[in-house]
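Note sheet for the following structure.
The values are calculated or read from the model by the stated rules, or taken from the named source; none is laboratory data. Since this is a predicted model, take the numbers as computed values, not measurements. Using ideal geometry, Cβ is built from the backbone for each residue, glycine included, and neighbour counts are taken over all protein chains shown. The area values use the complete protein model at the heavy-atom level, side chains included, leaving out ligands, DNA and RNA. Shrake-Rupley method; radii C 1.70, N 1.55, O 1.52, S 1.80 Å.
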Amino acid sequence: KEIHKASIESELRPHGTPALCIAAEGFGDMPIKYWTEDTWPEGAKKIGAPNYTEVLSAKPYPCLYCPIGCHRNIEIQSPKKYKLKGIGPEYETLGMLGTNLLIDDVKAISIANDLCNRLGMDTISAGACIGLAMECYEKGIITKRDTAGMELKWGDADVLIELVKQIGNRVGFASIFSEGTVQAAKKLGKNALELVVEVKGLDFPAHDARACWGLVPTYATGTRGACHIRGVEEDVEMSGFYMPEIGVSEEHAKFFNPEGKAHLAVKMQDYCALINSLVLCVFMPDGGGLSFTSILNIFNSITGWDWDIQEAMTCGERIFTLQRLINQRDGYAKKDDKLPPKMHVPAKKGFRAGKIPPVNDLLNEYYELRGWDKEGHPTKEKLEKLNLVML
Ligand code: SF4
């Protein structure tokens, strides 16, 4: 009943995740020109809903029995080269293959999305690779001699589609990107590596940590890097997704205020570790209106256990800490808990103009709240508390 009631009111039902584009761009959260520009409202309006829904004749495509139905089925009749009937791009794809590349043709983005799906490529990383290629071309690190004459111009939808094909099929100039942005940048040399927007080798999703400061510690300490489903602080800060039962409320959601952001990151990482482990769609609580208490009631009914909120959150913390220990075993350390250079550059205009998060302060506070030492290692006391001491 909770999900059904909230889903009727949710924008996810009529428009899916493309409903986020206009608001996210307004908050300075959406990637523009591979994280080097600050605003592009016209572009976000063209590729996001409601224009998306109209231009692509988009309809809900729900997972089995889901009343929210966030995915989209789309149909494009013209132009002929973009004829398509199938799955439409999600918000992350619109961000990374759209505004990130200054492309505002939602039909072309849909074709690139379809190609990525068929070629088995993540659209976030595909968009990051093409953004890096376009920036390197603009800066002269890649030239027409490298690309067999192709101009890698921002906003060129034909280039987007051609590069997706080359990367996915490992043919032509762009096959250099088939191992991802970091490996490509190493091969390209010069200062290409400084242009890459990643943490621990994982490209940023379409959410800017300079807009939503809770993402700073989340991305930096993410055990698989800058992941958009292992924190979702942006929804707390931009959309008012609060969970008072676990200590996530309005006071942690104030833009450009570092107070409470390390706390927010800790709570949301533990929460996501738990939710992902339950194999529960993040939109059930976040947009779908299912409270944490209800999730726990369902969990206890299925298992026959009697967990309270603290036990559930400790389970999330244990999962996250175990991942941290595995990373440490594999050589990851404090040196890897960092954000790329572009995240230290303030915006010149728009909602986050002149604002920059205090990355080191947030990380130090985060380590302390986690019960880690100054080098980011979980302390013996913390491991004992989590029953992980044998590791
Ligand atoms: S289960 Fe989640 S991902 Fe699937 S349609 Fe529902 S809200 Fe979307």
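Annotations for the structure displayed:
- When residues in the stretch 47-70 are screened for being open to solvent by 60 Å² or more (accessible area, probe 1.4 Å), touching a residue at least 24 places away in the same chain (Cβ under 8 Å), within 10 Å of the ligand (Cβ to nearest atom) and in a loop (DSSP other than H, G, I, E, B), 2 of them pass.
- Test for Ser10: is it within 16 Å of the ligand (Cβ to nearest atom) and either touching a helix residue (DSSP H, G or I) at 6+ places or on another chain (Cβ under 9 Å) or open to solvent by less than 20 Å² (accessible area, probe 1.4 Å) (or both): yes
- Of the numbered criteria (1) part of a loop (DSSP other than H, G, I, E, B); (2) touching a Phe, Trp or Tyr at 6+ places or on another chain (Cβ under 7 Å), the one Gln166 fails is (1).
- Taking helices (runs of 4 or more DSSP H) as the structural unit, no element lying wholly within the stretch 88-147 holds at least 2 residues that are hydrophobic (A, V, I, L, M, F, W, C) and touching a Lys or Arg at 6+ places or on another chain (Cβ under 6 Å).
- Test: residue in the stretch 39-46 that is more than 12 Å from the ligand (Cβ to nearest atom) and part of a loop (DSSP other than H, G, I, E, B): yes
- For the stretch 225-234, the criterion of being more than 22 Å from Lys342 (Cα to Cα), within 18 Å of the chain's Cα centre (by Cα), within 16 Å of the ligand (Cβ to nearest atom) and open to solvent by less than 50 Å² (accessible area, probe 1.4 Å) is met by none of the residues.
- When Glu92 is tested against (1) within 13 Å of the ligand (Cβ to nearest atom); (2) over 20 Å from Glu135 (Cβ atoms), just one condition goes unmet, and that condition is (2).
- All positions within the stretch 239-249 that are surrounded by fewer than 22 Cβ atoms within 10 Å (Cβ to Cβ) and either within 17 Å of Gly316 (Cα to Cα) or of a type in the set (Val, Ile, Thr) (or both): Met243, Pro244, Glu245, Ile246, Gly247
- Hits in the stretch 101-146 (condition: free of Cβ contacts under 8 Å to residues at least 40 places away in the same chain, open to solvent by 10 Å² or more (accessible area, probe 1.4 Å) and not basic (Lys, Arg)): Asp114, Asn117, Asp122, Thr123, Tyr137, Glu138, Gly140, Thr143, Asp146
- Options Ser125, Ser175; residue that is within 22 Å of Thr99 (Cβ to Cβ) and polar (S, T, N, Q): Ser125
- Where Ile74 falls short, out of the listed (1) within 16 Å of the ligand (Cβ to nearest atom); (2) surrounded by fewer than 19 Cβ atoms within 10 Å (Cβ to Cβ): (2)
- Residue match in the stretch 72-95 (condition: modelled with pLDDT under 95, of a type outside the set (Phe, Trp, Tyr) and farther than 23 Å from Glu233 by Cβ): no
- Residues being open to solvent by 20 Å² or more (accessible area, probe 1.4 Å) and either within 16 Å of the ligand (Cβ to nearest atom) or in contact with a strand residue (DSSP E or B) (Cβ under 7 Å, 6 or more places away or on another chain) (or both) - total across the stretch 250-275: 1
- In the stretch 186-234, of all residues being in contact with a strand residue (DSSP E or B) (Cβ under 7 Å, 6 or more places away or on another chain) and small (Gly, Ala, Ser), the one that is farthest from Glu37 (Cα to Cα) corresponds to Gly222.
Residue-wise test of (1) within 16 Å of the ligand (Cβ to nearest atom); (2) without any contact (Cβ under 8 Å) to a residue 12 or more places away in the chain.
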| position | (1), (2) |
| --- | --- |
| Gly289 | yes, no |
| Trp305 | no, yes |
| Arg324 | no, no |
| Lys348 | no, no |
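- Qualifying residues in the stretch 187-197 (those that are over 24 Å from the mean Cα position of the chain (by Cα) and part of a helix (DSSP H, G or I)) - the one surrounded by the fewest Cβ atoms within 10 Å (Cβ to Cβ): Lys187
- Flag for Gly16 being in contact (Cβ under 8 Å) with a residue 24 or more places away in the chain, closer than 24 Å to Phe241 by Cβ, crowded, with 20+ Cβ neighbours inside 10 Å and out of contact with any helix residue (DSSP H, G or I) (no Cβ under 6 Å at 6 or more places or on another chain): yes
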